[in-house]
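Enquirer: To start, I am sharing the structure in question, which I have written as structure tokens.
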């Protein structure tokens, strides 16, 4: 029998902290749930232990974590989801600040760089642009309801990504290739 | 308080459910797409998760009530 050294409640705190870290990476909200899910997916990909904790599955719009969705909905001391997007309460901001201090200096730098890259690059993308990029990079297309529509306009989406400076010319060519 | 950085990889255990329950979940997942479940596993994990959270709330209420 496998034993976990932490409780469910502690695991929930860790997940909340990780989300708070992502959301504290910029002053603005993450504008849509799709953007939130994809940004959390990309951010956590760099940190396997946390990635695993969110249990991402292939969903209608790409990789999706129901746990992350639940946390945003249920922990309203820390998180707000409204017409402006998803963002932190003042308590949530404190949680994000405390969380970063728990890492060693080396890991803190790594996590801050990753978070800032994710927020600065992907906040500006539309749902379609971000879903297209994630599908083409990571897969998770099995249950997709949008992949065919996105592939039909792959040249347009890839050119938007190139214009926004998200991808290189080489990556553009890869994205539009069959 | 658990160390954020010291978190270990999530482990999994298998549990069984009656076939009837499995079939009903399968029916729900396949026919009611607006619920957003893409697999039986996802449905079960969500149900268990909700129960644990609910149980935790009840426990706290009881502690407060003495």
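Please treat every number below as a calculation from the coordinates, not as lab data. None of these values were measured; they are calculated from a predicted model. Here the Cβ is made from the backbone with ideal geometry for all residues, glycine too, and neighbour counts use every protein chain on show.
Enquirer: What FRET efficiency do you get for residue A:153 and residue A:49 if R0 is 51 Å and r is their Cβ-Cβ distance, rounded to the nearest 0.05?
Expert: Values: r = 37 Å, r/R0 = 0.72.
Using R0 = 51 Å, I get an efficiency of 0.90.
Enquirer: Angle between the Cα long axis of helix A:127-138 and the longest principal axis of chain A, 0 to 90 degrees, nearest 10?
Expert: Computed tilt is about 90 degrees.
Enquirer: Would you order A:162, A:151 from fewest to most other beta-carbon atoms within 10 Å of each residue's own beta-carbon? Display every interim value, and only then the final one.
Expert: Working: A:162 17, A:151 14.
If I rank by nearby Cβ atoms, fewest first, I get A:151, A:162.
Enquirer: Using Cα centres only, tell me the gap between segment A:30-73 and segment A:119-149 in whole Å.
Expert: For segment A:30-73 versus segment A:119-149, the Cα centre distance is 12 Å.
Enquirer: Please grab the % of Cα pairs in chain B that end up more than 14 Å from each other.
Expert: Beyond 14 Å sits 72 percent of the P(r) for chain B.
Enquirer: Return an integer: the convex hull volume of the alpha-carbon atoms of segment A:64-178, in Å³ per residue. Before the final figure, lay out each step's value.
Expert: Details: hull volume 16.6 nm³, N = 115.
Residue-normalised Cα hull volume stands at 144 Å³.
Enquirer: Starting from the Cα of residue A:163, move 7 Å in the Cα-to-Cβ direction to define the label point; list residues of segment A:130-144 whose amide nitrogen is under 18 Å from there.
Expert: A:130-133
Enquirer: Related question: Based on alpha-carbon positions alone, could you give the equivalent ellipsoid semi-axes of the protein assembly as shown from the gyration tensor, as √(5λ), descending, whole Å?
Expert: 31, 25, 16
Enquirer: Taking neighbour counts of Cβ atoms within 10 Å as a proxy for exposure, in what order, fewest first, do B:22, A:59 appear?
Expert: Ordered by Cβ neighbours within 10 Å, fewest first: B:22, A:59.
Enquirer: Rank the residues A:176, B:15 as a footprinting-exposure proxy: fewest other Cβ atoms within 10 Å of their Cβ go first.
Expert: Numbers: A:176 15, B:15 6.
The order, fewest Cβ neighbours first, is B:15, A:176.
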